[in-house]
Amino acid sequence: MNVIVEIMLKFGMLSLVAFGGASTVLPELHRLAVETHGWMSDATFAHLVAISQATPGPNSIIFTLVGWHVAGLSGALAATVAMCAPSSLLIFFFMGFWKKIQGTRWHNIIQTGISPLAIGLVLASGCIITRGADKSWGACGLTAATVLIVLNSRLNPLWLIGCGALLGLAGII
Amino acid sequence: MEQRQDISHGELFWGFNKIALSGFGGVMSWARQTIVEERGWLSSEEFTSLFGLCQFMPGPNTLNLAVCIGARFQGASGALISLFGLLFVPFLIIIGFGALYGKFGELPAIQAMLRGIGAVAAGLMLAMGLRMAADLVRRPLLLVFSALILVGVILLHWPLVALMFGLAPLSIWLSARRYCTSS
């Protein structure tokens, strides 16, 4: 199948199951790009995630970058549209309905029911990025330190990303 | 701050452009500050309600928010222009980075930097998951579903769509049962 069509279909699907945001579908993006289609290696995927984290903008920009890496400008455009359009159309038409069930029991039930799935997905994303990124003790230490710092402070992540780049340059990671 | 009703397409575009460029690794906290506190587009309560909807619906949260707010003020064209404002500049930046990576990605210094950033990015993601899980500690039974997702994705490599549609009804059913018995 044409790679652009492939990107449109697969990323469009991901857009519709990204409960809890773009980060929750990273494991599936990894599965598609690395395992199913062999578009890139595990290390390259980890690099692209790193680049997208160091870029301003929504998290979902990782899709654009993967599209670019696979098929250049048309790939980037296809990936961006596929990531936006299905979920945007859905919420556009769902807004009115949501206003109606606001404050009802069903609203809470669905929200509570979906949150554990989102949590599992975010943790899975973390595990997959860790597996791709942490090939040394230094890297594992840096990941652990990041978790501790984030959980215990309100430091802007940009500082941590900068420190990570410097530590990498210094050859520690 | 006084509530405004006449937000133009241009204001939507530049507002979301600013939100996109002020945040790294996710922009939700900046979105609230800009929309509620600086520009007074929405009241705090209305923002929270829309934010809940955007988290609950599938799709990237910030994009969902842009659609909701754009549509509220200018209908479908407002939703479109807000999405455009949110994505246009980050799109150009990420493509620039992608091109640089394609050209210089093999250089040892770049590889070393990306290794460092990657290790931090992994930590940021794990910490976000742990923070979210902390909110759910009161409902340990629901955390079983988090564990099932984790096992299905990491160890079994099952397709996400199947996993979600399999587990979501069960998880919502459990949530409904607990909700009914506790109230």
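Of the residues screened, A:Arg154 is one that is outside any helix (DSSP H, G or I) and of a type in the set (D, E, K, R). The residues on offer are B:Leu80, B:Leu87, and the sole one that is crowded, with 23+ Cβ neighbours inside 10 Å and in a helix (DSSP H, G or I) is B:Leu87.
Here A:Pro58 does not qualify as crowded, with 19+ Cβ neighbours inside 10 Å, part of a helix (DSSP H, G or I) and under 13 Å from the mean Cα position of the chain (by Cα). For the range A:61-80, the tally of residues that are under 16 Å from the mean Cα position of the chain (by Cα) and more than 7 Å from every other protein chain (Cβ to nearest Cβ) stands at 5. Residue under question is B:Ile95, and the condition is that it be out of contact with any Gly (no Cβ under 6 Å at 6 or more places or on another chain), facing another protein chain (nearest Cβ under 10 Å) and β-branched (Val, Ile, Thr); does it hold? Yes: the conditions hold for B:Ile95. Look at (1) surrounded by 14 or more Cβ atoms within 10 Å (Cβ to Cβ); (2) at the interface with chain B (Cβ under 8 Å from one of its Cβ atoms); (3) not aliphatic (A, V, I, L, M) and you find that A:Asn156 fails only one, number (1).
Within the range B:66-82, being within 9 Å of chain A (Cβ to nearest Cβ) and under 21 Å from A:Ile62 (Cβ atoms) holds for B:Ala66, B:Val67. Restricting attention to the range A:1-38, the residues that are more than 17 Å from the chain's Cα centre (by Cα), not in a helix (DSSP H, G or I) and not small (Gly, Ala, Ser) add up to 3.
Considering each residue of the range A:130-143 in turn, at least one proves to be among the aliphatic types (A, V, I, L, M), more than 17 Å from the chain's Cα centre (by Cα) and either surrounded by 15 or more Cβ atoms within 10 Å (Cβ to Cβ) or farther than 27 Å from B:Leu141 by Cβ (or both). Can you find even one residue in the range A:109-126 that is farther than 29 Å from B:Val120 by Cα and more than 7 Å from chain B (Cβ to nearest Cβ)? Checked the range A:109-126: no residue is farther than 29 Å from B:Val120 by Cα and more than 7 Å from chain B (Cβ to nearest Cβ).
With the structure loaded, tell me whether B:Ile110 is out of contact with any His (no Cβ under 6 Å at 6 or more places or on another chain), free of Cβ contacts under 8 Å to residues at least 12 places away in the same chain and at the interface with chain A (Cβ under 8 Å from one of its Cβ atoms) or whether it fails that test. So B:Ile110 does not fit the description; no.
Taking into account only those residues within the range B:37-77 that are polar (S, T, N, Q) and buried (at least 21 other Cβ atoms within 10 Å of the Cβ), which is nearest to the chain's Cα centre (by Cα)? Selected residue: B:Asn61. One residue stands out in the range B:90-120 among those that are touching a Phe, Trp or Tyr at 6+ places or on another chain (Cβ under 7 Å) and surrounded by fewer than 23 Cβ atoms within 10 Å (Cβ to Cβ): the one that is modelled with the lowest pLDDT, namely B:Ile110. With respect to (1) more than 21 Å from A:Ile129 (Cα to Cα); (2) surrounded by fewer than 19 Cβ atoms within 10 Å (Cβ to Cβ); (3) at pLDDT below 90, the lone exception for B:Ser175 is condition (2).
The values are calculated or read from the model by the stated rules, or taken from the named source; none is laboratory data. The structure presented is a predicted model; accordingly, all values stated were derived computationally and were not measured. Methodologically, a virtual Cβ is constructed for each residue, glycine included, from the backbone with ideal geometry; neighbour enumeration extends over all protein chains shown.
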